[in-house]
Amino acid sequence: MGAAEVRRHNLALVLREVAEGEPVSRAAVAALTGLTRGTVSSLVDELLAADLVSELAAARGGTGRPANPLQLNRSGPAGLGVEIGVDHVGACVVDLSGAVRAVRTVPSAHRDRPPSDGLERAAVLAREVIAEAGLPVVGVGVALPGVVGPQGELQRAPNLPRWIDVGVGGMLSDLLDGLPVDTGNEADLAALAELWFGGGPPDVLHVSGEIGVGGAIVLGGDLFRGPGGRAGELGHVVVDPDGPECSCGGRGCLEQAAGQDALVRAAGAADVEDLVRRRAEPAPAAAIDGAGRALGVALAGAVNLLDVPVVVLGGLYARLGAPLRDAVAGELRTRVLTSPPVDVRCSVLGPDATLRGAAGSVVRARLRNP
Ligand SMILES: [Zn+2]
C-alpha cells in the first residue's frame, strides 16, 4: 500500500470505531485501532473537516486536559432513499448515524404509466424531503420492485409491465441535479435495513408482502444476490403446480397464494387497510392462515437448501402479525429438518424498512470510504 492508500484505510478504520462506539474519545479510538494518539488526532482532524464526525462538549472532572468525545456528525453528509412501488412512491433522508430525518410516502399508480411519470413523481417527493431534512444529501439509493441488473437497470418487474430495462439510475440522477444514484431490489434493501438498524441476525431469509412477494437472502451479514442479481425471488417459487396463472408467465407461484392482491381477494376485504382492520374476523383469518401456510411451504424449501435459522416477515406480513407468523412457523416445523425450529419474526422497522435500507446504503458507503 502507498502512503495515500494507508491513510485512506486508516481514516475508514477510525470512522468505523467512532460509528460503533460513539460517543468515544480519541484515546479510546487509538487503543481500539492500535494507531498512535498522534496519528488518530490528525485523522480525526481530517474527519472533522469533512463533516463526518463532530465533537461533543468535554466531560467535566478528572485530571489533565478534557477530551471532547467524538460521534458521527448528525449534520454531515446524508443519504436519500427513494422507493418505487407498484402503486406508491416514497422518499426518505437519513443522517450519517442512519436516523430518519424526513420521510414521506404517497400513492402513485405505476402499472399502466411510463417509467418517466413515476420517476418524476419520485423526484418531486425527493426534493420535498431533502428540503425538510435540511441536510447535505450526497447520494441516492433507489429501491425497485423487480430484478436489478449489473448496471443498476431495472430489468424486469412482473407487476410493472411497462418498466423493462429501464435505466432508473441515470434518469433519476438527471432529475436530481446529477446526484449519484444506486439501485437495488426492495426486499434486499429492507433486509439490509433490518440488519443495520433493527439488530437483525447475520443469517436470515427476509420475505415481505407487497403487491408481489419480495424475498432476500442474507448470509454472514452480506446480501446474497446471485451472479445475475436474481436470487431471493421467493414470490415466483411454485407452491401449487396447477394453481392460477402468475404475472411472470408461470403458474401457481407463491405470489398467487400469498401476495397482497390474493390475500385481499381471499379475505373478501376491500383493500389492504380493510384486511388489516378485519384480520380477526373468520374470512380474513382463514385467508391469512392459508397465505401463511403457502409462505411456509415456499420458505421450507429455501431453509432446507440454505440452512438459515431465522425468517423475518416484513411489509404487509409484519402488519398481519402473530396469526400469519404462527401459520408460517407451523408449516416450517413440519417441513424443515433442523433443530431448533426456525425462528420466525416480524420486522421491527415497520413500513419504512425499504426506504431506510435505500437511504442507509448511501451513508454506509460513505462511512466505509470516507
Ligand atoms: Zn410467478
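None of the figures in this text is laboratory data; all of them are computed from the coordinates on show. Remember, predicted model here, so these are calculated numbers, not experimental data. Because the Cβ atoms are built from the backbone with ideal geometry, glycine has one as well, and the counts that use them run over all protein chains shown.
Scoring 357-363, 99-105, 112-118 by mean Cβ neighbours within 10 Å over their residues and listing the highest first yields 357-363, 99-105, 112-118. Pick from 303, 276, 86: which residue has the top mean-square fluctuation in a GNM of the chain where Cα pairs under 10 Å get a spring? Its mean-square fluctuation being the largest, the pick is 276.
What does DSSP give for segment 200-347 in terms of the percent of beta bridges that are antiparallel, rounded to the nearest 5? For segment 200-347, the DSSP antiparallel bridge percentage is about 50.
For 236, 9, which order do you get if you count the other beta carbons within 10 Å of each Cβ and list the fewest first? The partial results should precede the final answer.
On the way: 236 20, 9 11.
Ordered from fewest to most neighbouring Cβ atoms within 10 Å, 236, 9 come out as 9, 236.
In segment 34-165, the C-alpha radius of gyration followed by the widest Cα-Cα span (Dmax) gives 20.8, 69 angstrom. What distance in nm separates the simple spin-label points at residue 124 and residue 22, each placed 7 Å from Cα in the Cβ direction? Here the modelled spin labels are 3.4 nm apart. By the count of neighbouring beta-carbon atoms within 10 Å, fewest first, 206, 88 end up ordered 88, 206. A crude spin-label estimate for the pair residue 99 and residue 261, with each label 7 Å from Cα along the Cβ direction, gives 4.2 nm.
Distance between the C-alpha centres of segment 115-146 and segment 185-221: 22 Å, rounded to the whole angstrom. For segment 3-72, the direction-averaged projected area of the alpha-carbon convex hull comes to 4.6 nm².
Rg/Rh, computed from the Cα trace of segment 250-332 with Rh as the Kirkwood radius, has the value 0.97. Using just its DSSP H runs of length 4 or more, each adding -39500 (n - 2.57), the chain gives a mean residue ellipticity at 222 nm of -13500 deg cm²/dmol after division by all residues. The mean sequence distance of close C-alpha pairs (under 8 Å, at least 6 residues apart), as a share of the length of the chain, puts its relative contact order at 16 percent. Taking only Cα atoms and a 10 Å spring cutoff, compute GNM fluctuations for the chain and point out the largest among 119, 52, 43. Largest GNM mean-square fluctuation: 43. What residue among 31, 72, 4 has its Cα farthest toward the positive end of the dipole of segment 3-72, where the charges are +1 on Lys, Arg and -1 on Asp, Glu, each on the Cβ? After comparing all options, I get 31.
Annotation: the antiparallel percentage among DSSP beta bridges lying fully within the chain is about 60. Here the Gaussian network model covers the chain, with springs between Cα atoms less than 10 Å apart; of 42, 208, 247, 42 fluctuates the most.
What the Cβ-Cβ distance of residue 365 and residue 222 gives, at R0 = 22 Å and to the nearest 0.05, is a FRET efficiency of 0.95. Using a cut-off of under 18 Å, list every residue of segment 150-173 whose amide N is near the label point 7 Å from the Cα of residue 106 along the Cα-to-beta-carbon line. Answer for segment 150-173: 172.
Could you tell me what a quarter of the Cα convex hull surface of segment 200-347 works out to, in nm² with one decimal place?
Numbers: hull surface 34.2 nm².
With the hull built on Cα positions only, its mean projection is 8.6 nm².
Over segment 297-370, with a single point scatterer placed on each C-alpha, what log10 of the ratio I(q)/I(0) does the Debye formula yield at q = 0.16, 0.18, 0.28 1/Å? Once normalised to I(0) and log-transformed, intensities are -0.67, -0.77, -1.17.
Values of log10 I(q)/I(0) for the chain across q = 0.07, 0.08, 0.11 Å⁻¹ run -0.35, -0.45, -0.79, by the Debye formula with one identical scatterer at each alpha carbon and no solvent. Multiplying the residue separation of residue 289 and residue 117 by 0.36 nm and subtracting their alpha-carbon distance yields 58.2 nm. Scanning the chain for DSSP H helices at least 30 Å long along the axis (C-alpha atoms) with a Kyte-Doolittle mean no lower than 1.0 picks out 282-306.
Derived scalar couplings between HN and Hα for segment 151-165 equal 8, x, 7, 7, 6, 7, 9, x, 8, 10, x, 8, 9, 10, 6 Hz in order, rounded to whole Hz, by the Karplus curve 6.51 cos²θ - 1.76 cosθ + 1.60 (θ = phi - 60°), x for Gly and Pro. Placing dummy labels 7 Å off each Cα toward the beta-carbon, the span from residue 132 to residue 49 is 3.6 nm.
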